Protein chains: 2
Amino acid sequence: MKINVQSDLQHLAQDAFSAGGALAGIGSLAKETLGDRVYGELRALLMAGKLAPGEKLSLRKVAEAIDVSMMPVREAVNRLAADGALEVLPGRAVRVPIMSLGQFHELTRIRLVLEGFAAEEAARNASEADIVAMAEAEHVFRAAAEADPPKSTEAVTANHQLHATLYRAAGMPTLFEMIERLWLRAGPVINLDMRNDVERLKGGSAVQAHAALLAALRVRDGAGARRAIEADISAAAAHIARTGGLADD
Amino acid sequence: MKINVQSDLQHLAQDAFSAGGALAGIGSLAKETLGDRVYGELRALLMAGKLAPGEKLSLRKVAEAIDVSMMPVREAVNRLAADGALEVLPGRAVRVPIMSLGQFHELTRIRLVLEGFAAEEAARNASEADIVAMAEAEHVFRAAAEADPPKSTEAVTANHQLHATLYRAAGMPTLFEMIERLWLRAGPVINLDMRNDVERLKGGSAVQAHAALLAALRVRDGAGARRAIEADISAAAAHIARTGGLADD
DNA sequence: GCACTCTAACTGTGATCACAGATCACGACA
DNA sequence: TGTCGTGATCTGTGATCACAGTTAGAGTGC
């Protein structure tokens, strides 16, 4: 497991090198620090579920894997810990938090409120370009989910892109950040599940919810968009609560 | 201004020394790091509105003021920046974020959703002890607000305690943390306003909302509790939007 | 063969130093 | 007197070292 982590980190380090160059051109003109880069890489790893709950990280190992000193890693880990995406135990150890069933339920209820609100706002404010982008993401997601065998990684990415585009379209940056933070917490659980249980993708509840969402958005039906998102979240959460192997606590 | 900040920091450093000792006995048995202590002090400063929006901080000055090295301050500032409570500008500067009117409106809308939800949950789950604690906080708040001259600092503290007790009573720790983070962002604006415009306290809209809240809680009226909190937030936000001196952007 | 002890390696935390970029005040020139 | 340049100072970032506490594994005793 540790070995997998390191290989993942090295892999992402290379990706981030090129991706960083691309982002430097597109994104903010402000030069990003090394700490920002490490933060982004660890964040992507967590969001994609590449780091399993309970998995321990070592600042030195991570630093060596992506070829920087310990300092930027410390900064990144501290920020992720502030986000609740990592946990720094008093006993000199940092790990991916282990979520209990109760915590997962709470997270789901908050997601219903916050993402439902964002969906309703997005129905009012989304541009045509936003809706087109979401339709494309939905198309990619469905293709990946219905492939045989399902392309789980692509499905996870497309699913996130679909949701992120929706929430960004609400036009409330702070709300978007808060939701992203929730996804960061849920990522290890949700995506680990999606990858381990690809059959769920073929069930179609997600595809169905996404279709209903797009239909609602096209007629600016805020309540309908909220219902669609709530159905999507609830279905996924119910499945994970059953099979996610969460601690009883 | 800078001088005030430093004196505030030194003041809090002394307070935190004794408070830390008390907390060590009451709170988590895990020994807190220096970084945690600095984080708590800066957080308290921000929450109380002692640091004005736009005010610049210096890692070295803060470190010297509370007599630690730069490292714990770096960690604390990074965590606060992740919370959105501080801002690290690319151009080697860290400051309290300046909130625009639009950002404040967004923050208020999110607060209405999140704190309204928490109030509704609290109405279901609050214990008698919780309600008693809130009644006491309300009493302290009213006394401080109606005194002549109004004791603004005490009022701010009591107000926060009242709300915090309510949200904690919802029994959703993650939700509570998210709300606290919102307060941390709004703190510099809200409390700076409360201190500068103590007359608002005498207006009674807050006192009125608090009374309605307690009445609703006592009969487990979730919808009523939500309405009371929404009224409290809306009234305060409307006042600040008028007189808070927020940037137009 | 099993349990225990002790040590060596490893952990995050904190301090200190080096460095490049930003800032600001002082001084020179027009 | 006004404006521009310039260098001393201060900024956050990153690296390196020291340290105490934890952990895991090898060795020893039963």
Unique match (being within 16 Å of DNA strand D (Cβ to nearest atom), of a type outside the set (A, V, I, L, M) and modelled with pLDDT of 95 or more) among A:G54, A:G40, A:G116: A:G40
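Which of the residues that make up region A:57-83 are among the β-branched types (V, I, T) and either modelled with pLDDT of 95 or more or within 9 Å of DNA strand D (Cβ to nearest atom) (or both)?
A:V62, A:V68, A:V73, A:V77
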A:I110 in contact (Cβ under 8 Å) with a residue 12 or more places away in the chain and more than 16 Å from DNA strand C (Cβ to nearest atom): yes
Selection within region B:67-98 - crowded, with 21+ Cβ neighbours inside 10 Å, touching a residue at least 12 places away in the same chain (Cβ under 8 Å) and more than 10 Å from DNA strand C (Cβ to nearest atom): B:V77, B:R79, B:L80, B:A85, B:L86, B:V96
Qualifying residue in region B:120-142 (condition: within 25 Å of B:L192 (Cβ to Cβ) and of a type in the set (S, T, N, Q)): no
B:S28, sole failed condition from (1) open to solvent by 40 Å² or more (accessible area, probe 1.4 Å); (2) assigned to a loop (DSSP other than H, G, I, E, B); (3) modelled with pLDDT of 90 or more; (4) under 22 Å from B:H160 (Cβ atoms): (3)
Some residue of region B:74-93 being farther than 26 Å from B:L45 by Cβ and facing chain A (nearest Cβ under 9 Å): no
Boolean, B:M134 is aliphatic (A, V, I, L, M) and in contact with a strand residue (DSSP E or B) (Cβ under 8 Å, 6 or more places away or on another chain): no
Residues located in region B:35-46, provided they are within 13 Å of DNA strand C (Cβ to nearest atom), open to solvent by 50 Å² or more (accessible area, probe 1.4 Å) and within 13 Å of another protein chain (Cβ to nearest Cβ): B:D36
Whichever residue in region A:141-167 is open to solvent by 60 Å² or more (accessible area, probe 1.4 Å) and in contact (Cβ under 8 Å) with a residue 12 or more places away in the chain and, among such residues, is farthest from the chain's Cα centre (by Cα): A:P149
Flag for B:E138 being surrounded by 18 or more Cβ atoms within 10 Å (Cβ to Cβ), in contact (Cβ under 8 Å) with a residue 12 or more places away in the chain and away from chain A (no Cβ under 11 Å): yes
Among residues of region B:47-64, those that are open to solvent by less than 60 Å² (accessible area, probe 1.4 Å) and without any contact (Cβ under 8 Å) to a residue 60 or more places away in the chain, counted: 7
Region A:48-65, residues that are of a type in the set (A, V, I, L, M) and within 14 Å of DNA strand C (Cβ to nearest atom): A:L51, A:L57, A:L59, A:V62, A:A63, A:A65
Members of region A:160-194 found to be more than 14 Å from chain B (Cβ to nearest Cβ) and over 23 Å from A:I98 (Cα atoms), listed by number: A:Q161, A:L162, A:H163, A:A164, A:T165, A:L166, A:A169
Some residue of region A:119-134 being among the polar types (S, T, N, Q), open to solvent by less than 40 Å² (accessible area, probe 1.4 Å) and either in contact (Cβ under 8 Å) with a residue 24 or more places away in the chain or not assigned by TED's automatic domain parsing to the domain that holds A:A63 (or both): no
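The values are calculated or read from the model by the stated rules, or taken from the named source; none is laboratory data. As the structure is a computational prediction, the values presented were derived from the model and not from experiment. Ideal geometry is used to build each Cβ from the backbone, glycine not excepted, and the neighbour counts take in all protein chains shown. With ligands, DNA and RNA removed, areas are computed over all heavy atoms of the protein, side chains included. Shrake-Rupley method; radii C 1.70, N 1.55, O 1.52, S 1.80 Å.
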